[in-house]
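Every number in this text was worked out from the coordinates using simple rules, so none of it is lab data. Note that the structure is predicted; figures quoted are calculated from it, not measured. Virtual Cβ from ideal backbone geometry, glycine too; neighbours counted across all protein chains shown.
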Amino acid sequence: MSHSATGPQPTDADRSAAEPGQVDAGARGRVDGGVPGPGVDAPLFSARLRPDLDEALEAFAARGRLLVGLDFDGVLAPIVVDPTTSRMLPASADAVARLSALPDVEVVLVSGRDAEDLAALAGLPTGSRVVGSHGAQWGRVVTTPGGGAGLESDGVELSESQAGLKAELLRETEALADGVDGAWVHAKPAAVVLHTRPADPAAAEALTERVLAGPAARDGVHVLVGKQVVEMAVLEVTKGDAMVQLRQSLDVDAALYIGDDTTDEDAFVVLDATAHDLTIKVGEGPTAAAYRVTDPDEASAVLLRLVELLEASRSPAGHEQDSRSSPEV
């Protein structure tokens, strides 16, 4: 069972009243309302982390070389109807930039999004590692000649049969989605994705069932079902595979992963709490993660607390007070 992760330390009465895996209402009511929403300058947090998560962050920060793996949508950025408008919360952007600047800390975005699209909109520091399409795409953020953000990667290579299968998936899925208002289909380098978030819920459910029974049931198709998303990949990769590969190739001593969707469960299950690896689920739903926070604002508080711990021990300034102070703990 995951532990709820924010708010002041609860009393025994608070614990008994809380729903499993959730932040209890009493604790949330006692938190100073300093958690910013989108567009508010960061950091403005005064929410306290729960003691168990704070202790886990301290143990993680005390390890040597660290990997910080982060999903984008629903973790660093709130879920929005139009994914092209998604942006990191200011507090999360601040935390990611500061973590990326620290020695022996590798920050990697691990997302189901197309890696090039993610690099273009996420506002990551140049040189940041990006893993897209659930592990099919790997690259680093670079500055384009026009001054924007781009991705430097080796691309995705498909066999002739895989490329043909992807083309058939695209054709069949577009035909099924045609006429369902709000549904749309996205072709990624190694997958075809049905998006139904803007659609009428009943129509979206019916369309999802038709796609799962049709193109998604083809031989050689690897299906990932997320929040109002069905991804049909012609390569078998998961976020768990990506985290294992990152952990090994970067030779880290401990890894953190924060995710919100069913596809993030693959990453949670491959990490090892006995080695001070840390897993955090954002939002509701069953999870293999050890801890839980409610939303991207609370995920920002976790990241800013990690910044505070690491800057105190690893930054050149040592224990000097940074003008961008982290949340009170």
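Just need log10 I(q)/I(0) for the range 212-306 at q = 0.25 Å⁻¹, Debye formula, equal scatterers on the alpha-carbon atoms, no solvent, rounded to two decimals.
-1.27
Check cross-link reach from Lys188 to the lysines: straight Cα distance under 20 Å, and skip same-chain residues fewer than eight apart.
Lys166, Lys227, Lys239
If you scale each eigenvalue of the Cα gyration tensor by 5 and take the root, what three semi-axes come out for the range 160-233, rounded to whole angstrom and sorted largest first? The partial results should precede the final answer.
Details: eigenvalues 80, 25, 22 Å².
They are 20, 11, 10 Å, listed from largest to smallest.
Within the range 255-316, list the GluC sites (Glu not before Pro) lying in a DSSP loop whose Cβ has at most 11 other Cβ atoms in a 10 Å radius. Intermediate values should be presented prior to the final figure.
Numbers: sites: Glu265, Glu284, Glu298, Glu308, Glu311; in loops: Glu284.
Passing sites in the range 255-316 do not exist.
Shape call for the range 70-126 from the C-alpha gyration tensor, a ≥ b ≥ c root eigenvalues: rounded (a/c under 1.5), prolate (a/b greater than b/c) or oblate?
Details: a/c = 2.11, a/b = 1.64, b/c = 1.28.
Judged from the Cα gyration tensor, the range 70-126 comes out prolate (a/c at least 1.5, a/b above b/c).
Taking the number of other C-beta atoms within 10 Å as the exposure measure, put Lys227, Lys239, Lys166 in order starting with the fewest. Display every interim value, and only then the final one.
Details: Lys227 15, Lys239 26, Lys166 23.
Ascending Cβ contact count within 10 Å gives the list Lys227, Lys166, Lys239.
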